[in-house]
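The structure appears below as structure tokens.
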Ligand SMILES: [Ca+2]
């Protein structure tokens, strides 16, 4: 035995729970690899492609959207109408099937929100036990989603999210309060808050002020300096919400003049849009809107609304109010170039054993879950989806691609 192999054997014995680098670990053997060299026509030797629409996402997916270039498999998102959907992308799966092993893929996300960049495993046909292992349903810019789905009988899913990058500091009072001073005052009898966040959306207080040359009261009461005496028109309005989680979280709580966790409107758990409409007894001229969202405890502020804007009723239709909108989805972790999964390639891995799923990112374990359902053969999938629950879908997707450097699968050698 060479010194190298001896050292490797000792290392392997010392670290039985740590997955050693599979190519170097003699107990594993490579059973599948595609390095994506060659030409686009070569793809069909190892992969089968979807050709058709998808009911649950915004794109149809086609062989035409996959290409081999520069040693990469490119799954391309395009803004084009095909099979009744406004976007196209690509999805493929291996002709070979696998049961247990170590699965690894090096890839780079399509660099835009509104995309799902997936490396996953799912049974085909109707075996007795149907399951899906999402090694990563990756959402730009820095979110990794790992899910186990049971597709036999009653469906269930057990998942985990992991963000690449250090967490953003907890929100403060400054993050919970918003003020919008309008360049052009608006005269209307109805104003509404609209949020596309997933529910519950939380509004502790919503205020509307007439135009003032004195300034406006602070979003949070300031006890040191005198406040401008500008009336809050919302106090005399009626409030109506698209939904209410429970009676104690009624829409009226959002205009009662009270701050506090006990005086909030909460929408139901549901996808947006969620609306909170103020109706004035007669038309009012509004020069400033204030919003306080979320809730507060000793640890700070929580669940502040991300994605919202205001609209007014012009007598025939709802119109957006320029300036009165959020900046859009706020990341929960710091995303700089180093932590942007659409900028660089990273290695996503899974060790699948009879009883456990262990997820890896760049060789580091990031999640571990037991299972008792993934006990049959299944192919490996690579898929790009355009969809509405991974941030805004914009033209930035058009012509960009999820780029895959390789897929490799190892399995344990049979015991000697
Ligand atoms: Ca309130």
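Brief remarks on what is shown
- Note on the chain: with a GNM built from Cα contacts shorter than 10 Å, the maximum mean-square fluctuation among 168, 121, 292 falls on 168.
- Rel. contact order, % - alpha carbon contacts under 8 angstrom, at least six apart, region 257-321: 19 percent
- Mean silhouette area of region 257-416, derived from the convex hull of its C-alpha atoms and averaged over all directions, reads 17.4 nm².
- Mean separation of Cα contacts under 8 Å, 6 or more apart, over the residue count of the chain: relative contact order %: 28 percent
- When peptides 103-109, 256-262, 152-158, 357-363 are ranked by their average number of other Cβ atoms within 10 Å per residue, the highest-first order is 103-109, 357-363, 256-262, 152-158.
- Of 382, 235, 266, the residue with the greatest mean-square motion in the GNM of the chain, using alpha carbon springs below 10 Å, is 235.
- Degrees separating the helix 3-14 axis from the principal Cα axis of the chain, which is the longest one: 50 degrees
- Per-residue Cβ neighbour rank within 10 angstrom, fewest leading, 203, 407: 407, 203
- The chain - share of DSSP beta bridges that are antiparallel (%, nearest 5): 95 percent
- Each Cα pair of region 173-325 feeds into the Kirkwood radius, which the Stokes-Einstein equation turns, at 37 °C and 0.692 mPa s, into a diffusion coefficient of 211 µm²/s.
- Working note: 222 nm ellipticity from helices only, DSSP H runs with n ≥ 4, each -39,500 (n - 2.57), summed and divided by the residues of the chain, gives -1000 deg cm²/dmol to the nearest 500.
- Among 41, 324, 234, residue whose mean-square fluctuation peaks in a GNM of the chain (springs only between Cα atoms under 10 Å): 41
- Rel. contact order, % - alpha carbon contacts under 8 angstrom, at least six apart, region 200-326: 32 percent
- Listed peptides 192-199, 88-95, 370-377 by packing density, highest first (mean Cβ within 10 Å): 88-95, 192-199, 370-377
- Alpha-carbon gyration tensor eigenvalues x 5, square-rooted, for the chain, Å: 51, 24, 19
- Listing 245, 350 from fewest to most neighbouring C-beta atoms within 10 Å gives 245, 350.
- Sorted from longest to shortest, the spans of the Cα atoms of region 328-416 along the three principal axes equal 55, 26, 24 Å.
- Pairwise FRET efficiency - residue 97 versus residue 415, Cβ, R0 = 25 Å, nearest 0.05: 0.65
- When the P(r) of region 22-84 is calculated, the portion above 15 Å amounts to 61% of the C-alpha pairs.
- Relative exposure of 87, 28, judged by other C-beta atoms within 10 Å (fewest first): 28, 87
- Region 284-347 versus region 233-247: alpha-carbon centroid distance in Å: 20 Å
Values in this text are rule-based calculations from the coordinates and carry no lab data. As the structure is a computational prediction, the values presented were derived from the model and not from experiment. Glycine also receives a Cβ, built like all others from the backbone with ideal geometry; neighbour counts cover every protein chain displayed.
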